[in-house]
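Down below is the structure, laid out as structure tokens.
Values in this text are rule-based calculations from the coordinates and carry no lab data. Predicted, not measured: the structure shown is a model, and the values here were computed from it. Please note: Cβ atoms are built from the backbone with ideal geometry, for glycine as well, and neighbour counts cover all protein chains shown.
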Amino acid sequence: MRENQNFGAKFALSHEPEGRTDEVIINQKSSIMLKQFFILCSGVDRDLLDGCSEGEQTKYVGIGATVFFTAVMAFLASAYALFTVFDSIYPALIFGFVWSLLIFNLDRFIVSTIKKRDRFLDEFLQATPRILLAVIIAIVISKPLEIKIFEKEINTVLLKEKNEMELANKKQVGNYFKSDLDKNKAEITALKNDILKKEKEVNALYSTYITEAEGTAGTKKLGKGPVYKEKREKHDASLKEFATLKAANEAKIAEKEKTGKQLQSDLDKKVSQTQPIIEGFDGLMARINALDKLPWLPSFFIMLLFLAIETSPIIAKLLAPKGEFDFKQEEAETAMKATLSQNKYQRDLLVKTSAEMHDRVYSDIAEDKSLYDLQRKNAKELLELQSNSFVEKQKATL
């Protein structure tokens, strides 16, 4: 078959224009290399597949391509997810590449270990753990890509959550400083009230001695008599007290206002310090939670798409009838089992025969009188040595 294909290719090339010959050769080589690469990705036994038909090879090329492109999608998904964690492209690319290799190896292992059986139920039971593993891989791969696909919608949800967190943070920080600020304001108000109260008292004394001088109140005598002087002195004393009180309280008020400004500054500083934490609330977990708050149907269908891609090679092998490669693989396994069984039987028979021969040899030796006498003599000497050694040890303990 391969000789006919090569002859057909050579015949086609001989009728190509000279200008296109090199291009056709390059395209054919590229196609063959790509085919071999996808067959490698499928994990199939290439020695067995080389002797199969073109259609059988094409089937495993498709399976290998699915495995390869699943690994590519795993690389993109993991690289994006890790970029949201590290905020650096190089670690994301490195770990993404390692993760894609892991997914590629798992998919290749899953596909290559599924073998066609005589009963579909046996095949399904064999593939069930692999299908579950494929489902887990599909979910892991799809989630970061869903986050990237719905990035704008997720950013909207995160912005709303950040605004709510910012308001809650300001309220929480404000409550922390509220008692000190309220106490400071109450003390300032009390000091100002003391000034106003004293000022009203001075104004009242002023009105008293003025009306006394005018004769409209008090003794109702016009002029500045002794009563006027007494009330005037009382007013002047109170005015001095008012001036002293006002100066002292204004100094205290200035200090309290300074303290209040410092408290407000600390509050604003605390809010500004926590603001970057809120702004940085866009990590992987935050985006996953934001994705869960979006309508579930689009995300569900994307996950189903990756689930179909991931499980398609397994399902294809389950649903497809036995092909040429499957029969060759079964034949090779049967031949190997027969060879192993035959080798085991021969080894068991060899051990059994050898044991019987040794039994007969030692049985004949046991009847030899000279060997018996030699063994008796050696045993006697050994017992004498043991007895003498025991006696020496007993003497040493006395």
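Where the alpha-carbon atoms of the range 323-376 are placed on the principal axes, they occupy 74, 13, 8 Å, in descending order.
Each listed q (0.19 Å⁻¹) maps to a log10 I(q)/I(0) for the range 29-130, found by the Debye formula over equal Cα scatterers with no solvent: -0.95. One decimal place: the segment TYR372-ASN388 gains 3.3 nm when fully extended, by the rule 0.36 nm per residue minus the C-alpha distance.
If R0 equals 35 Å, the separation of the Cβ atoms of ALA190 and ASP282 corresponds to a calculated FRET efficiency of about 0.15. Report note on the peptides 131-137, 102-108: ranked by the mean count of other C-beta atoms within 10 Å, highest first, their order is 102-108, 131-137. Averaging the sequence gap over all C-alpha pairs within less than 8 Å and six or more residues apart, then dividing by the number of residues, gives the chain a relative contact order of 20 percent. Tell me which of GLY283, VAL72, SER42 sits at the most positive position along the dipole axis of the chain, charges placed on C-beta atoms (Lys, Arg +1; Asp, Glu -1). It is GLY283. Pick the calculated Cα extents along the principal axes in Å for this structure from [x] 55, 44, 37; [y] 165, 114, 45; [z] 83, 47, 42? Computed from the coordinates, Cα extents along the principal axes in Å corresponds to [y].
Please go through the residue pairs LYS170/LYS192; LYS197/LYS234; LYS59/LYS143 and name each one whose alpha carbons sit more than 19 Å apart in this structure. Check vs 19 Å cut-off fails for LYS170/LYS192; LYS59/LYS143.
The residue list LEU196, SER179, LEU267 was ranked by how far each Cα lies along the charge dipole of the range 161-286 toward its positive end, using unit charges on Cβ atoms, and LEU196 comes out on top.
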